[in-house]
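I have placed the structure first, in the form of structure tokens, so that the comments after it can refer back to it.
The values are calculated or read from the model by the stated rules, or taken from the named source; none is laboratory data. Predicted model only: the values in this text are computed from it and were never measured. Cβ placement follows ideal geometry from the backbone for every residue including glycine, while neighbour counts extend to all protein chains displayed.
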Amino acid sequence: MIRLGAIRHSIFAQIVLWAIFTAAEITFGLWMLTDATIQRTNHLALERAIDLDLAGMVDIYASGGAEQLASRIEDRLALQPRNGNSAHYLLADANGNRIAGDIGKWPKIKADASEATEIELDNAAKAFVRATELGPNLRLLVAHEHHDLDVLLRQVALAFLIGGMLAVLAVALGGWMAAHRLASRIESINAAFRQPDDAALERLARGSGDRDEIDELTRHSGNALAQLKQLAAAHRATTDHVAHEIRTPLMHLDNRLVKALAATPDSETASRIADARTEIRSITRMLESLLDIAASEARRGDRHGLAPVDLSVMAARLCELYADSAEESGHTFKRDIEPGVRIEGEEMALMRLITNLLDNAFKFVPAGGTVWLVLRKGPTLIVSDDGPGVPEEQHAKIFEKFSRGKRHPEAEGAGLGLALCRAIAERHHLEIRLAPSEKGACFTVAPETK
Amino acid sequence: MSGLNILYIEDDARAASRVQELALQTGDTVTWAATGNAGLMRAGTECFDVIILDRMLPDLDGLTILSRLRESGVGTPVLMLSALGRTSDRAEGLDAGADDYLAKPFEAEELLARLRALHRRASGRTHSAVILYGAFECHVKARTAFRNNRHLSLSPKEFDLFRYFMENGGEVLTREMLLRDVWKMDFDPQTNVVDVNIGRLRRKLEEGFDRPALETIWGSGYRLLDGQ
């Protein structure tokens, strides 16, 4: 069954529906018009016939008087055609009393104005009538039945119904086929944008061979995507190159320090050299984080390389690692992990996400404080604490690169931890937020709502 | 343990000489190949304990060399070295058949420690049911630990850590190696979780004994002592 949502979101389905509706509407309109025309033509013909009949009667009255007219009326009634529209007459005085004819009662119709109207006869047949005043005390009414028109109208309606249904069917079938073909061509473009792998790009570059607007769009999209890919690759190559160029001299510098460390007998110098080595290591770590952020951002929405990951098992393992150090540092660490929470993801990156959040919490919460980790299906991960929290003015910036909070200037780090968290979350179609909380900080990671 | 016979494929002469220097001190032999092709040739014709392979070489890509080596049936453990330190690069290198991956800049001690662990793993010394080192005993299946025949009561994680130290008895194990092999993490958490866990293990190994069990090598890592 076609779902309503699918129709609402597909322009082609909407066009087909519109075409079906229009075909039905036009057919209905044509039937209405035909019906009205038939009725009107028939009415005019009846009117002409009745006027002719009435004129004949008036002539007879003029030449032969009322008795002649009455006898002619009886003749006419006796000679009714069996298969035509039977005629009925009433010759009456001013009070409506019958002198001749087969209509029992004078209907509500004015003879002095030569009125014409529709009446129902005694035998329940419908008839068109016209009356006229022949003399001061004499009136004539002529009525012609028209019962066979209904049959004709019914036949016309039936013809239009069948024709309309066939038209709707033809439009629906043709429209569906055209829409299906168009939709599949557009879908190949959309698929390439969703997952721009080599096969998809090659399909776009080939085009459909139709040389129409969509074919042009297909080729343009293919070119644009290929260019984007090249740019991304070039960007990646550049950052790799820069990273290499920075790391190599750092390594040499570190090696020199190692040599100096080995040569010096002085413990104070040795400790300074050791500090310098620590700083080199933190620069390297910062470079790595920046590269990881860039890599995660570049692969946002790319499902390539994702594998099923059991978040519950991972979180439990990480919690185990942190539980001991929490105990040592005088923190309370509470965990609530729902089993069987799974996600398609990059295991190491997700581990990094959870670790960074926990690191952050334990770094900023003073001894005696509590850190909570909650994992629920969805997946929803909440890492919260009862520490000093994040000042209001920093909320907007906290996930940006190098946004080292002012809340604990002495806390080490380049301010990349949460930026990396966000990049990893977005790579997995997750959204990381700093949720409002009464006390402390509360970070939530949940599926994107947009 | 006699010194390792190492092939080092690297275009950076300074990095190569630094490793060679350190290897001299530790009794290992380093054969240096400055290009990918030269390295590929030597790896195919000579016998080495381990191969260090730089990922970015001027003539051949490290991943290509690795796949050619594996195709031609050379099973020598390979440690890939690279300035590309991203998680995805690491995964790519390991997927291509590298046995370990180390990002530049690295410390020569870290490199040699890892090479030793690689070699040990490859030569199958780690698969016995009971590992003995000095005064320590590790029963892998029963997951029990002893020092001087006295049972040590360890938590499951502490046992994993202990077992890893036992498998590498007497060798320096770096933080990175511990994180990777015990906690399966290829990055270093910002907090001192590793040190805390080592500290707890150390207390359990040393409680009631006079001689130390775990030595902290400042700036490098940790080493299990024989405890005698």
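Of the listed requirements (1) farther than 30 Å from A:PRO339 by Cα; (2) within 9 Å of another protein chain (Cβ to nearest Cβ); (3) surrounded by 15 or more Cβ atoms within 10 Å (Cβ to Cβ), A:MET286 misses just one: (2).
It is to be established whether one or more residues within region B:156-168 are in the same structural domain as B:GLY134 (by TED's automatic domain parsing), part of a loop (DSSP other than H, G, I, E, B) and either modelled with pLDDT of 90 or more or surrounded by 15 or more Cβ atoms within 10 Å (Cβ to Cβ) (or both). Full working, then the answer.
Pass one, region B:156-168, residues in the same structural domain as B:GLY134 (by TED's automatic domain parsing): B:156-168.
Among the residues that remain, those that are also part of a loop (DSSP other than H, G, I, E, B) are: B:168.
Add one more test, that the residue is either modelled with pLDDT of 90 or more or surrounded by 15 or more Cβ atoms within 10 Å (Cβ to Cβ) (or both), and what stays is B:168.
Within region B:156-168, one or more residues are in the same structural domain as B:GLY134 (by TED's automatic domain parsing), part of a loop (DSSP other than H, G, I, E, B) and either modelled with pLDDT of 90 or more or surrounded by 15 or more Cβ atoms within 10 Å (Cβ to Cβ) (or both).
Applying the set (1) on the phi > 0 side of the Ramachandran plot; (2) under 34 Å from the mean Cα position of the chain (by Cα) to A:GLY368 leaves exactly one unmet item: (2). Has region A:387-402 got at least one residue that is touching a helix residue (DSSP H, G or I) at 6+ places or on another chain (Cβ under 7 Å) and of a type in the set (Phe, Trp, Tyr)? For region A:387-402, residues touching a helix residue (DSSP H, G or I) at 6+ places or on another chain (Cβ under 7 Å) and of a type in the set (Phe, Trp, Tyr): present.
Of all residues in region A:83-101, those satisfying the criterion of being closer than 21 Å to A:GLY65 by Cβ and either crowded, with 18+ Cβ neighbours inside 10 Å or modelled with pLDDT of 85 or more (or both) are A:TYR89, A:LEU90, A:LEU91, A:ALA92, A:ASP93, A:ASN97, A:ARG98, A:ILE99, A:ALA100, A:GLY101.
Within the bounds of region B:39-51, is there any residue that is over 17 Å from the mean Cα position of the chain (by Cα) and more than 20 Å from B:HIS119 (Cα to Cα)? The answer is yes, given that some residue of region B:39-51 is over 17 Å from the mean Cα position of the chain (by Cα) and more than 20 Å from B:HIS119 (Cα to Cα).
Scan region A:124-135 and give yes if some residue there is closer than 14 Å to A:ASP53 by Cα, of a type outside the set (Asp, Glu) and loosely packed, with under 15 Cβ neighbours inside 10 Å, otherwise no. No, every residue in region A:124-135 fails to be closer than 14 Å to A:ASP53 by Cα, of a type outside the set (Asp, Glu) and loosely packed, with under 15 Cβ neighbours inside 10 Å.
So the check is Cβ under 9 Å with 6+ separation or different chains; which pairs have a first residue in region A:325-350 that's closer than 27 Å to A:ILE293 by Cβ and touching a residue at least 12 places away in the same chain (Cβ under 8 Å) and a second one that's among the aromatic types (Phe, Trp, Tyr) and surrounded by 14 or more Cβ atoms within 10 Å (Cβ to Cβ)? Taking only residues 6 or more apart or on different chains, the pairs are A:SER325/A:PHE333; A:SER325/A:PHE362. Within region A:395-417, is even one residue modelled with pLDDT of 90 or more and in contact with a Ser or Thr (Cβ under 6 Å, 6 or more places away or on another chain)? Among the residues of region A:395-417, not one is modelled with pLDDT of 90 or more and in contact with a Ser or Thr (Cβ under 6 Å, 6 or more places away or on another chain), which makes the answer no. Filtering region A:86-123 to residues that are without any contact (Cβ under 8 Å) to a residue 24 or more places away in the chain and among the hydroxyl-bearing types (Ser, Thr, Tyr) leaves A:SER114, A:THR117.
Given B:ARG202, B:ARG180, B:ARG175, B:ARG223, which one is of a type outside the set (Gly, Ala, Ser) and either more than 14 Å from every other protein chain (Cβ to nearest Cβ) or touching a residue at least 60 places away in the same chain (Cβ under 8 Å) (or both)? Spell out how you get there, then give the answer.
Numbers: B:ARG202 fails: either more than 14 Å from every other protein chain (Cβ to nearest Cβ) or touching a residue at least 60 places away in the same chain (Cβ under 8 Å) (or both); B:ARG180 fails: either more than 14 Å from every other protein chain (Cβ to nearest Cβ) or touching a residue at least 60 places away in the same chain (Cβ under 8 Å) (or both); B:ARG175 fails: either more than 14 Å from every other protein chain (Cβ to nearest Cβ) or touching a residue at least 60 places away in the same chain (Cβ under 8 Å) (or both).
Answer to the selection: B:ARG223.
Within region A:244-283, if we keep just the residues that are under 20 Å from B:GLU109 (Cα atoms) and β-branched (Val, Ile, Thr), the residue that is surrounded by the most Cβ atoms within 10 Å (Cβ to Cβ) turns out to be A:ILE273. Taking the numbered list (1) over 30 Å from A:GLU279 (Cα atoms); (2) buried (at least 18 other Cβ atoms within 10 Å of the Cβ) in turn, B:ASN149 passes all entries but (2). If you go through region A:295-306 and keep only what is more than 11 Å from chain B (Cβ to nearest Cβ) and either part of a strand (DSSP E or B) or of a type in the set (Ser, Thr, Tyr) (or both), you end up with nothing.
Scan region A:58-85 for residues that are in contact (Cβ under 8 Å) with a residue 60 or more places away in the chain and out of contact with any Phe, Trp or Tyr (no Cβ under 8 Å at 6 or more places or on another chain) and jot them down.
First pass over region A:58-85, keeping only residues in contact (Cβ under 8 Å) with a residue 60 or more places away in the chain: A:58, A:61, A:66, A:69, A:85.
The answer is A:VAL58, A:TYR61, A:ALA66, A:ASN85.
Counting the residues of region B:200-219 that are in contact with a strand residue (DSSP E or B) (Cβ under 9 Å, 6 or more places away or on another chain) and either surrounded by 17 or more Cβ atoms within 10 Å (Cβ to Cβ) or of a type outside the set (S, T, N, Q) (or both) gives 12. Restricting the first member to region B:90-115 and to residues that are in contact (Cβ under 8 Å) with a residue 40 or more places away in the chain and more than 11 Å from chain A (Cβ to nearest Cβ), and the second to residues that are of a type in the set (Asp, Glu) and part of a strand (DSSP E or B), the beta-carbon pairs closer than 7 Å and six or more apart or on different chains are B:ARG114/B:ASP100. Restricting to region A:307-336, give me the number of residues that are of a type in the set (Ser, Thr, Tyr) and within 11 Å of chain B (Cβ to nearest Cβ). Total meeting the criteria: 3. Residues that are closer than 21 Å to A:LEU350 by Cα and of a type in the set (D, E, K, R) were ranked within region B:85-99; the one that is modelled with the lowest pLDDT is B:ARG86.
Entry remark, region B:111-146: residues being surrounded by 20 or more Cβ atoms within 10 Å (Cβ to Cβ) and among the basic types (Lys, Arg) number 2 in total. Comparison of A:VAL313, A:VAL309 shows that the only residue that is under 25 Å from A:ASP359 (Cα atoms) and surrounded by 15 or more Cβ atoms within 10 Å (Cβ to Cβ) is A:VAL309.
Suppose the filter is assigned by TED's automatic domain parsing to the domain that holds B:ARG147, within 20 Å of A:MET314 (Cβ to Cβ) and of a type in the set (D, E, K, R); does B:ARG180 pass it? In short, yes. Could you count how many residues in region A:182-204 are exposed (fewer than 14 other Cβ atoms within 10 Å of the Cβ) and either modelled with pLDDT of 85 or more or assigned to a helix (DSSP H, G or I) (or both)? Residues that pass the stated criteria total 7. Restricting attention to region A:265-283, the residues being within 11 Å of another protein chain (Cβ to nearest Cβ) and either in contact (Cβ under 8 Å) with a residue 40 or more places away in the chain or touching a helix residue (DSSP H, G or I) at 6+ places or on another chain (Cβ under 9 Å) (or both) number 8. Scan region B:28-55 for residues that are surrounded by fewer than 18 Cβ atoms within 10 Å (Cβ to Cβ) and within 19 Å of B:ALA122 (Cβ to Cβ) and jot them down. Answer for region B:28-55, where residues must be surrounded by fewer than 18 Cβ atoms within 10 Å (Cβ to Cβ) and within 19 Å of B:ALA122 (Cβ to Cβ): B:THR29, B:THR31, B:ARG42, B:GLY44, B:GLU46, B:CYS47.
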